[in-house]
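Data first, discussion second: the structure below is written as structure tokens.
The values are calculated or read from the model by the stated rules, or taken from the named source; none is laboratory data. This structure is a prediction, so every number in the text was calculated from the model and none was measured. Positions of Cβ are backbone-derived with ideal geometry, glycine not excepted, and every protein chain shown enters the neighbour counts.
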Amino acid sequence: MKNIKVPRISLKHKGDKDGSMSIFEHLAELRSRMTKIALAILVGSVISYIFYNQTLNFFTQPYCHVSGVSSCSLYVTGPLDGFALRIKIAGYGGVFLALPVILWQLWRFITPGLRKKEKQYAVPFVLASLILFVSGAYVAYFIFPHALAFLQAAGGKQLKQIYTPSSYLNLIFLLMAAFGASFEFPVLLVALELARVVTPKKLASVRRWAIVIIVTVAAVVIPSSDPFSLFALAIPLVVFYEVAILIGRVLVREKKEIKAS
């Protein structure tokens, strides 16, 4: 039987003299990164489990603000609901606290396939991604009382609002996740510009269509479907679009100057 050759992927690695990795080595690298991410999430989840009361109080503040009381309560309907809620918050909190490790490990998994000049963007990209995600989540938390008040008013005065932890927290978690992920938009655009998939000139030429698409997508991804969240998400994304064009022009100009020198 002929020897079966294992295909190799052209991803540079410290241990490879020829600058490539086999599929099995590539999978081993992926497993190592995923293991580190899982451990980081586990540690974050333990911390979130310990500080459960403080975390729950933090997320119920928008509800208390809308209710106009200093202390408000969520209602459970089963004996296991409280424990299940604590596990859920610990899981979400673990992912959030492990976010710097997650972003760094993902970027480290990608960088072996990048050129030496492209690797210098690793730290700025990770920091920008982290800051933008946290900023998006904060904006969602900040406008959530307005969204909640709108949703309560839409039902009419005849309805008395009594929330379960799952329905309330799922909404605010989804809203914060949607804003956090959407705020990564400029990082994606700059990455595409660096990869020469799009150019700043092209982005500027389709600006009007981009704004229409941004508003449409914002209306679709927002779980609360209220106008406050829509404008709070769409306006920053339009600004990010313009910022990405400016950053792309600066990067293109620097590349031209480097080539000229």
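Within the range 181-206, the set of residues being free of Cβ contacts under 8 Å to residues at least 12 places away in the same chain and of a type in the set (Ser, Thr, Tyr) comprises just one member, SER205.
This table checks each residue for (1) assigned by TED's automatic domain parsing to the domain that holds PHE59; (2) among the acidic types (Asp, Glu); (3) within 23 Å of ALA153 (Cα to Cα); (4) touching a residue at least 40 places away in the same chain (Cβ under 8 Å).
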residue: ILE211; (1), (2), (3), (4): no, no, no, no
residue: VAL221; (1), (2), (3), (4): no, no, yes, yes
residue: SER224; (1), (2), (3), (4): no, no, yes, yes
residue: PHE240; (1), (2), (3), (4): no, no, no, yes
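Take the conditions touching a helix residue (DSSP H, G or I) at 6+ places or on another chain (Cβ under 7 Å) and crowded, with 17+ Cβ neighbours inside 10 Å and apply them to ILE172. Does it pass? Working first, answer last.
Values: touching a helix residue (DSSP H, G or I) at 6+ places or on another chain (Cβ under 7 Å): yes; crowded, with 17+ Cβ neighbours inside 10 Å: yes.
Yes, satisfied.
In the range 149-261, counting only helices (runs of 4 or more DSSP H) that sit wholly within it, the ones holding 1 or more residues that are at pLDDT below 85 span 185-194, 227-260. Please pick out the residue among PHE58, PHE24, PHE51 that is surrounded by fewer than 17 Cβ atoms within 10 Å (Cβ to Cβ) and closer than 21 Å to GLN152 by Cα. After ruling out the rest, the residue left standing is PHE58.
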